[in-house]
1. Mind telling me which of the residues S159, S130, S168, S88 ends up being surrounded by 15 or more Cβ atoms within 10 Å (Cβ to Cβ) and either more than 19 Å from the chain's Cα centre (by Cα) or in contact (Cβ under 8 Å) with a residue 24 or more places away in the chain (or both)?
2. Any residue in segment 15-23 that is part of a loop (DSSP other than H, G, I, E, B) and either under 26 Å from E280 (Cα atoms) or polar (S, T, N, Q) (or both)?
3. Answer yes if at least one residue in segment 155-169 is small (G, A, S) and over 30 Å from K52 (Cβ atoms), and no otherwise.
4. Of all residues being among the hydrophobic types (A, V, I, L, M, F, W, C), buried (at least 17 other Cβ atoms within 10 Å of the Cβ) and in a loop (DSSP other than H, G, I, E, B) in segment 226-267, which is modelled with the lowest pLDDT? Just the residue, please.
5. From the list R63, R59, R42, R98, pick out the single residue that is closer than 17 Å to F277 by Cα and out of contact with any Lys or Arg (no Cβ under 6 Å at 6 or more places or on another chain).
6. Can you tell me which residue among A273, A328, A278 is over 20 Å from A26 (Cα atoms), within 15 Å of the chain's Cα centre (by Cα) and either modelled with pLDDT under 95 or not aromatic (F, W, Y) (or both)?
7. Restrict the check to segment 175-184 and report whether at least one residue is farther than 29 Å from A53 by Cα, of a type outside the set (A, V, I, L, M) and either surrounded by fewer than 18 Cβ atoms within 10 Å (Cβ to Cβ) or touching a residue at least 40 places away in the same chain (Cβ under 8 Å) (or both).
8. Taking the conditions exactly as written (of a type in the set (G, A, S), touching a residue at least 40 places away in the same chain (Cβ under 8 Å), surrounded by 14 or more Cβ atoms within 10 Å (Cβ to Cβ) and in contact with a strand residue (DSSP E or B) (Cβ under 6 Å, 6 or more places away or on another chain)), does G143 satisfy them or not?
Amino acid sequence: MPRPTGNQLRVDVPLTNISIAYIQDASQYIAEKIFPRVPVKRQSDRVPKYDKASWLAARAQPRAPGSESAGGGYKVDLSDTYFAVPYSFHKDVNDQDRANTMAPFDADRDATQFVTDVLLKTREILFVHSYFATGVWGYERQGVASSPGAGQFLQWDQSTSDPIGDISDAKNAILETTGFLPNVLALDYKTYEALRNHPLVLDRVKFGGAPGNPATVNAQALAQLFDVEEVVIGQAVVNLANEDGTPNIQFVMPKSALLVYRQRQPSLMKPSAGYIFAWEDYAQNAYGIAIKRFRMEHLESDRIEGTLAFDAKIVAPDLGAFFRNTVA
């Protein structure tokens with residue numbers, strides 16, 4: 001029987017379950033809605049990439065009696081790897097605060113949720129900075145206020161812009177070169193608001209309403225309009241100030257849109273724009289998160305410490321389209 005590791009001995013299962021429940025309900029974070037989470041046993045391993053040209057070829061041939069069938073194969077590139085980095089953060093619950101805590105408050109639960117939120121926000125920031133960026137995806141367009149040229153589009157808060165056509169062009173380009181139709185559109189909140197009030201969008205949905213029940217332009221309506229499975233809205237904000245400084249709160253996601261093909265059932269054998277590799281064996285769960293609780297006697301406190309071990313990685317850059325500066 002295998003002996004438990006030091007990490008297993010110290011992981012607080014009830015608090016980790018509280019953390020997982022918080023993750024499942026944290027709708028403001030969109031990283032896992034774009035890159036599906038893949039639990040992995042090892043901290044680092046190879047990421048197989050299958051040759052697109054081989055998979056899209058049609059090389060079957062007529063077979064004469066007594067002859068061999070046509071055959072072939074496909075190439076697998078094993079040069080790329082993932083590395084699940086553990087990110088950690090803690091909050092101390094001191095004895096005096098615990099003694100003063102009364103229902104419905106729960107010091108350990110509140111500390112666990114606070115730590116989990118910090119970890120999720122950290123992952124969201126790393127994800128956005130890495131993949132809502134230029135030079136990353138196979139298809140990229142820049143929004144401008146007027147007179148768009150090659151590789152540009154009219155910003156979607158301009159009444160004469162055509163966001164429906166812009167998204168359609170990107171979908172067609174990706175489908176034609178990969179054989180996969182993008183199925184997820186991620187928007188920052190300001191772009192989402194601009195699209196909800198865009199004349200072309202309102203004109204498409206207005207006939208779905210009735211007196212006393214006006215048509216609603218929400219994420220589901222936009223998903224139907226753009227013909228994707230899901231539209232996800234980046235609503236996370238972050239305080240960029242120092243701990244004791246004047247708050248400087250901003251959206252995590254820039255004014256942008258990312259259109260990708262997302263694999264519904266993640267697998268290393270199936271194409272997807274990207275995956276989040278969660279180190280399952282470290283955390284002892286598929287989310288890659290572990291919460292520990294241990295005594296800091298010199299502080300007269302219990303430390304609630306969380307670690308999130310992951311690597312968010314592009315697998316197929318040609319399965320994504322990035323629109324930057326979507327609104328002014």
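1. Values: S159 fails: surrounded by 15 or more Cβ atoms within 10 Å (Cβ to Cβ); S130 fails: surrounded by 15 or more Cβ atoms within 10 Å (Cβ to Cβ); S168 fails: surrounded by 15 or more Cβ atoms within 10 Å (Cβ to Cβ).
It is S88.
2. Step one: filter segment 15-23 for residues part of a loop (DSSP other than H, G, I, E, B), giving none.
No, every residue in segment 15-23 fails to be part of a loop (DSSP other than H, G, I, E, B) and either under 26 Å from E280 (Cα atoms) or polar (S, T, N, Q) (or both).
3. So in segment 155-169, the residues small (G, A, S) come out as 159, 161, 165, 168.
Narrowing the set further to residues that are over 30 Å from K52 (Cβ atoms) leaves 159, 161.
The answer is yes; a qualifying residue exists.
4. It comes out as A236.
5. Working: R63 fails: closer than 17 Å to F277 by Cα; R59 fails: closer than 17 Å to F277 by Cα; R98 fails: closer than 17 Å to F277 by Cα.
Only one candidate passes the filter, namely R42.
6. Values: A328 fails: within 15 Å of the chain's Cα centre (by Cα); A278 fails: over 20 Å from A26 (Cα atoms).
None of the other options fit; the residue is A273.
7. no
8. Values: of a type in the set (G, A, S): yes; touching a residue at least 40 places away in the same chain (Cβ under 8 Å): yes; surrounded by 14 or more Cβ atoms within 10 Å (Cβ to Cβ): yes; in contact with a strand residue (DSSP E or B) (Cβ under 6 Å, 6 or more places away or on another chain): yes.
Yes; evaluated as a whole, the condition is true for this residue.
The values are calculated or read from the model by the stated rules, or taken from the named source; none is laboratory data. Just so we're clear, the structure is a prediction, and the values are computed from it rather than from any experiment. Here Cβ is always computed from backbone atoms with ideal geometry, including for glycine, and neighbour counts include all displayed protein chains.
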